[in-house]
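For reference, the structure is listed below as structure tokens.
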Amino acid sequence: MACSCATHYGALVVAVAAFLVAASGGSSAGAAAARYGYGPGRCSPVAELVSEQLYNSLFLHKDDPACPARGFYTYASFVSAARTFPRFAATGDLGTRKRELAAFLAQISHETTGGWATAPDGEFSWGLCFKEEISPASDYCDATDARWPCYPGRSYHGRGPIQLSWNFNYGPAGRALGFDGLRNPEVVANCSETAFRTALWFWMTPRRPKPSCHEVMVGEYRASAADLAANRAPGFGLVTNIVNGGLECNRTDDARVNNRIGFYRRYCQIFNVDAGPNLDCAHQQPY
């Protein structure tokens, strides 16, 4: 359900700015926020591209009784969360903006889908059905990470639209967005705005040597020598590499990659924009 989150918007922007100053080696909060796409915005670029009616048509079955996340992923929560990241779907020309939005929606659709090959209305109408991982295989705690130590009894399994996972993602996401991701990871599955913000934080924030998904989709990615050697060409496939390359990339005809591409092509068609090159990551080395 959409909820009244504990963190007020002004405090959230301050928390995000403080995180970015640290991540940017001491640059000013304003400069860091502008660079990575955080900050207040009076009008959401997302709302300019996607109306509530269109949003609900993209996710026809998100509120079906069979979907555990029914009623959770509201349009209002998505638009409100996007205001925290004003460069999201707002960078470049109209085609670039639409393409980035299509790529983001495709990735979260795959991560939360409840569809199958013969599902009603087709499998690519079934995104946003789940808000957390079902029967996780582990608690996703990397005990070797001293910077973001796991809190006893907590599980860092996939939650939210991007299925945020692992303590080394919950920790910095929480610090950037104003909640304690290590002590209270469950907030990502309990507050829809926080859930969308974590997905957008993951999308907008580079974790070097990984670029951000945003940088890739708006043409700001510059391949290093290591990237070139690993065949990490810009395009939707590189976004998949950033999201889950260790499990899905450098292998041919992976069903998960194909599912992501299927969603992406559908959204690009609806937004009347070309999908661009390099849709898969079959020949890319993961990070």
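The values are calculated or read from the model by the stated rules, or taken from the named source; none is laboratory data. Only a predicted model underlies this, so the values are computations on that prediction, with no experimental measurement involved. Heads up, the Cβs are rebuilt from the backbone with ideal geometry, glycines too, and the neighbour counts pull from every protein chain shown. Please note that ligands, DNA and RNA were not included when accessible areas were found on the heavy atoms of the full protein model with its side chains. Shrake-Rupley method; radii C 1.70, N 1.55, O 1.52, S 1.80 Å.
Name every residue in segment 193-210 that is among the charged types (D, E, K, R) and over 15 Å from GLY178 (Cα atoms), in order of residue number.
ARG207, ARG208, LYS210
Give the residues of segment 132-175 that are closer than 22 Å to THR84 by Cα and open to solvent by 70 Å² or more (accessible area, probe 1.4 Å), sorted by residue number.
Of everything in segment 132-175, just one residue is closer than 22 Å to THR84 by Cα and open to solvent by 70 Å² or more (accessible area, probe 1.4 Å), namely ARG175.
For segment 210-229, name all the residues that are touching a Lys or Arg at 6+ places or on another chain (Cβ under 9 Å) and closer than 13 Å to ARG87 by Cα.
Once the filter is applied, which keeps residues that are touching a Lys or Arg at 6+ places or on another chain (Cβ under 9 Å) and closer than 13 Å to ARG87 by Cα, segment 210-229 yields HIS214, GLU215, MET217, VAL218.
Checking the structure you have, find out if any residue of segment 41-56 is at pLDDT 50 or above, within 19 Å of GLY178 (Cα to Cα) and buried (at least 21 other Cβ atoms within 10 Å of the Cβ).
no
Please find, among ASN244, ASN250, ASN278, the residue that is part of a loop (DSSP other than H, G, I, E, B) and without any contact (Cβ under 8 Å) to a residue 40 or more places away in the chain.
Details: ASN244 fails: part of a loop (DSSP other than H, G, I, E, B); ASN278 fails: without any contact (Cβ under 8 Å) to a residue 40 or more places away in the chain.
Just one listed residue meets the conditions, ASN250.
Answer with yes or no whether VAL273 is in a loop (DSSP other than H, G, I, E, B), out of contact with any Asp or Glu (no Cβ under 6 Å at 6 or more places or on another chain) and β-branched (Val, Ile, Thr). Break it down into steps so the answer makes sense when it comes.
Values: in a loop (DSSP other than H, G, I, E, B): yes; out of contact with any Asp or Glu (no Cβ under 6 Å at 6 or more places or on another chain): yes; β-branched (Val, Ile, Thr): yes.
In short, yes.
For segment 220-236, what are the residues that are part of a loop (DSSP other than H, G, I, E, B) and surrounded by 14 or more Cβ atoms within 10 Å (Cβ to Cβ)?
GLU220, TYR221, ALA223, ALA230, ASN231, ARG232, ALA233, PRO234, GLY235
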